[in-house]
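The values are calculated or read from the model by the stated rules, or taken from the named source; none is laboratory data. This structure is a prediction, so every number in the text was calculated from the model and none was measured. Note: ideal-geometry Cβ built from the backbone for every residue, glycine included; neighbour counts use all protein chains shown. For the accessible areas, the whole protein counts, side chains as well, though only heavy atoms, and no ligand, DNA or RNA atoms are used. Shrake-Rupley method; radii C 1.70, N 1.55, O 1.52, S 1.80 Å.
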Amino acid sequence: AFGFEKHFIRGLQKMKLRCALALIVMLALAVGRIREKRGMNLRSLVKVA
């Protein structure tokens, strides 16, 4: 669902970095929605309208 199922990353440090970057992107999307006064769909990561 989050793009971690199929990956070609080797090593724990690299995977931790990818997970951290994905979390940062998700949080940035949430902040953007709140600033646009559309905070009702914060849990919807798939459809960004």
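Descriptive notes on the structure:
- Residues satisfying the stated conditions in the range 1-16, i.e. open to solvent by 100 Å² or more (accessible area, probe 1.4 Å) and either at pLDDT 85 or above or in a helix (DSSP H, G or I) (or both): ARG10, LEU12, GLN13, LYS14, LYS16
- Note on the range 17-39: among residues that are open to solvent by less than 50 Å² (accessible area, probe 1.4 Å) and farther than 21 Å from HIS7 by Cβ, the one that is farthest from the chain's Cα centre (by Cα) is GLY39.
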